[in-house]
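Computed from the coordinates by the stated procedures, all read-outs in this text should not be read as laboratory data. As the structure is a prediction and not an experimental result, all values here were calculated from the model. Because the Cβ atoms are built from the backbone with ideal geometry, glycine has one as well, and the counts that use them run over all protein chains shown.
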Amino acid sequence: METLLLTQVINVVYEVLILAIIVLGLAVVMGLLNVLNIAHGEFIMIGAYTAYVVQKSGLPYVLAVPAAAGVCGIIGLVVERFLIRPLRYEPFETLLATWGLGLLLRKLVELGFGRGYRSVEIPVVGSLNFFGEAYPTYRLVLMGVSASVLAGLFLWYRRAPTGARIRAMVGNPVLAEAVGIKTRELARNTFVTGTAMAGIAGVMIAPLTPVEPFMGLAFIVNSFFALVVGGMGTVAGLFAGAGIIGGLQSVLSATVNPTTAYLAMLFLSILFLWQRPRGLFPRP
Amino acid sequence: MTGGYFEIEKISGGYGSGRVVRDVSISIGRGEVVCLLGRNGVGKSTLAKLACGFLRPLSGAVRLAGHEITGARPSENLAVGLTYCPQERVVFDDLTVAENLSLMRANRRLDDLDRYFQVFPRLSERLRQHAGTLSGGEKKLLSLVRGLAEGSDMIVIDEPTEGVQFENVVRMAELIVARKNAGASFLVVEQNLTLVDRIADRIVIMDHGEVVLSAAASEVDREDILTHLTV
């Protein structure tokens, strides 16, 4: 019984870390630039397809990480130049535009790979004995990588002035340029970082889920709700949102059923949007 | 080249294709403070923005230390030693006072700013507060400190004293004069004669987008200035 409980706890931690990695790209773009990239899920999907292609080519799975970051980064670069920048990063305009972009990306992938499910094999097979309980090694690897990426990002954000510069740029672009911030480049790099991170998230989750053109839809919904609950533009918000949404889903899916978990998440998000629209830890 | 350190040569321009400023030339020497005066809406701020790269001139040229910088981006201009302090939205409201000052410093340290904090203790008391909570006058102090701390040799300031109380206007003047004596040049758009009297080497008055008077400060009567400002 004790070990079963332990497994459950690890499962919750796992769900939370995975959701945090999935949210990360959106948190960067939406939390810092105020651009709700509705196509975020599609970037994850493209990352997953990149992993599929890398694996099918017989290359080591690790190579999928830079490949997906590159592919999604380049798409992000093009999207920023021809969609986001011409719309001057306006929240509503970019929301509509990225919604259309999501449709386009889904159709393009469908055109190239077809509608059917592709499966990516788990790159690290086997299981580890974890306090007397067998646990899939890949999940443990995934948790380790997620935790390191998040911790690294947290430290960097705390130390490097880039976070404050991005806030300065979004709040007062004219003054930002005056104090020496190359605002065009900084906005572009921030957006591209967000899409590249979505690509990496796609590589990480590809072996755990059917890879298909519409897979991104679920991710954008969960990511958006996590940000709504947690609050935008802060690392604490990212963790709190991923923790609450991911934890809630994981616990309720295990104890009741996935539909109830989904309903509870919807209910909680609506409650937050209504009563506390800036989330638990908003940017001051 | 006529020998000025910062040269605005026959600049015309404005917002879009509008011509708010027409053929304005101002040459500022090394260690010279030029005060730009004129009634509201005659194009003073527009000229400052044209000179610093926030607006693209329709014609004319801007030179800094002999190098043409016409149409260069403000961030590039800062890199070659041209600082600009705007008239409006002068600080980052969402950032703390400390962040406003340390934003572009790799090490985030503010040790070398002690001399400014001694002059304006209000700022050092509020380092952890968001700049948006400062009064309009305090924001102007913060903006000036930020501008002076950038260490540029050419500093353009648009209406530094708006909302600033008298004692602090005097202190601003002292800081500007000290930097001037250290070799920096200034173009200060200003209405407040308390400041102008204390810092100006030369006075330029604009009206309807053109320069109508340019003379050494010692040669300009206060009466003359007031006539131009009130008519």
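The fewest-to-most ranking of A:Thr195, B:Thr96, A:Thr260, A:Thr98 by surrounding Cβ atoms within 10 Å reads A:Thr260, B:Thr96, A:Thr98, A:Thr195.
The DSSP beta bridges internal to the protein assembly as shown are antiparallel in roughly 60% of cases. The helix-based estimate of mean residue ellipticity at 222 nm for chain B, built from -39,500 (n - 2.57) per DSSP H run of four or more residues and divided by its residue count, is -9500 deg cm²/dmol to the nearest 500. If you take every DSSP beta bridge whose two residues both sit in chain B, what share of them, in percent to the nearest 5, is antiparallel? Here the share of antiparallel DSSP bridges comes out near 55 percent. Per residue of chain A, the DSSP helices (runs of n ≥ 4 H) give a summed -39500 (n - 2.57) that works out to -23500 deg cm²/dmol at 222 nm.
Translational diffusion coefficient of the stretch B:53-144 at 25 °C, 0.890 mPa s, Stokes-Einstein with Kirkwood Rh over Cα pairs, in µm²/s as a whole number.
164
Overall, the anisotropy analysis places the stretch B:123-218 in the prolate class: the square-rooted eigenvalues a ≥ b ≥ c of its C-alpha gyration tensor yield a/c not less than 1.5, with a/b exceeding b/c. Pairs spanning more than 23 Å between alpha-carbon atoms, out of B:Lys10/B:Lys49; B:Lys140/B:Lys180; B:Lys10/B:Lys140; A:Lys182/B:Lys180: B:Lys10/B:Lys140; A:Lys182/B:Lys180.
A simple spin-label model places the labels of B:Phe117 and B:Gln191 3.4 nm from each other, with each point 7 Å out along Cα-to-Cβ.
Contact order, relative form, for chain A: 34 percent (alpha carbon pairs under 8 Å, 6 or more residues apart, mean separation divided by residue count).
Sorted from largest to smallest, which semi-axis lengths in Å does the alpha carbon gyration tensor of the stretch A:4-78 give for its equivalent ellipsoid, taking the root of 5 times each eigenvalue?
Numbers: eigenvalues 123, 92, 14 Å².
Equivalent-ellipsoid dimensions as semi-axes: 25, 21, 8 Å.
Shape verdict for the stretch A:120-244, please, from the Cα gyration tensor: rounded (a/c under 1.5), prolate (a/b greater than b/c) or oblate. Mind dumping the intermediate values first?
On the way: a/c = 2.38, a/b = 2.01, b/c = 1.18.
Prolate, since a/c reaches 1.5 and a/b exceeds b/c.
Bridgeable aspartates and glutamates around A:Lys107 (alpha carbons under 18 Å apart, same-chain partners fewer than 8 residues away excluded): A:Glu42, A:Glu212.
For chain A, the longest principal axis of the Cα atoms and the long axis of helix A:162-171 meet at an angle of about 50 degrees. Summarising the amide proton neighbourhood of A:Ser127: residues at separation of 5 or more, or on other chains, whose placed amide H is nearer than 5 Å comprise A:Thr137. In percent, rounded to a whole number, the relative contact order of chain B is 27, using alpha-carbon pairs under 8 Å and six or more apart.
Annotation for the stretch A:11-39 versus the stretch A:46-109: alpha-carbon center distance of 15 Å.
Output the peptides A:60-69, A:103-112 sorted from most to least packed, where packing is the average of other Cβ atoms within 10 Å over each peptide's residues.
Working: A:60-69: 18.8, A:103-112: 14.7.
Ranked by mean Cβ neighbours within 10 Å, highest first: A:60-69, A:103-112.
Can you give the FRET efficiency for B:Asp221 and B:Ala61, using 1/(1 + (r/R0)^6), R0 = 45 Å, r = Cβ-Cβ distance, to the nearest 0.05? It comes to 0.90. Against the main long axis of the alpha-carbon atoms of chain A, helix A:137-159 sits at an angle near 30°. Comparing B:Ala131, B:Ala48, B:Ala215 in a Gaussian network model of chain B (Cα springs below 10 Å), the most mobile by mean-square fluctuation is B:Ala215. Classify the stretch B:24-65: rounded, prolate or oblate, from the alpha-carbon gyration tensor (a ≥ b ≥ c, eigenvalue square roots; a/c under 1.5 rounded; otherwise prolate if a/b is larger than b/c)? Oblate shape, in that a/c is at least 1.5 and b/c is the bigger or equal ratio.
I'd like the Kirkwood hydrodynamic radius of the stretch B:6-229, using the inverse of the mean 1/r over distinct C-alpha pairs, in Å.
Values: mean 1/r = 0.0565 Å⁻¹.
In the stretch B:6-229 this quantity evaluates to 17.7 Å.
Residue order for A:Phe239, B:Phe117, fewest other beta carbons within 10 angstrom first, comes to B:Phe117, A:Phe239. Taking the Cα atoms of the stretch A:82-190, the ratio Rg/Rh between the radius of gyration and the Kirkwood radius comes to 1.14. The Rg/Rh ratio for the protein assembly as shown, using Cα coordinates for both the radius of gyration and the Kirkwood hydrodynamic radius, is 1.09.
Which semi-axis lengths, in whole Å and largest first, follow from the square roots of five times the eigenvalues of the Cα gyration tensor of the stretch A:1-140? Show your work: numbers first, answer last.
Details: eigenvalues 225, 83, 30 Å².
With the √(5λ) rule applied to the stretch A:1-140, the semi-axes are 34, 20, 12 Å.
Give the separation of the Cα centroids, the stretch A:219-278 to the stretch B:1-45, in Å. Using only Cα atoms, the two centres lie 56 Å from each other.
In chain A, the longest principal axis of the Cα atoms and the axis of helix A:258-275 are about 30 degrees apart. I need to check one value: relative contact order of the stretch A:1-104, counting alpha carbon pairs closer than 8 Å and at least 6 residues apart, in percent. This gives 32 percent for the stretch A:1-104.
Direction-averaged projected area, Cα convex hull, the stretch A:2-275: 15.4 nm², rounded to one decimal. As a size descriptor, the averaged projected area of the C-alpha convex hull of the stretch B:94-135 was calculated at 3.0 nm².
In peptide A:169-176, how many Cβ atoms from other protein chains are near each Cβ within 10 Å, on average?
On the way: counts 1, 2, 8, 8, 1, 7, 13, 5.
Average neighbour count from other chains, rounded to a whole number: 6.
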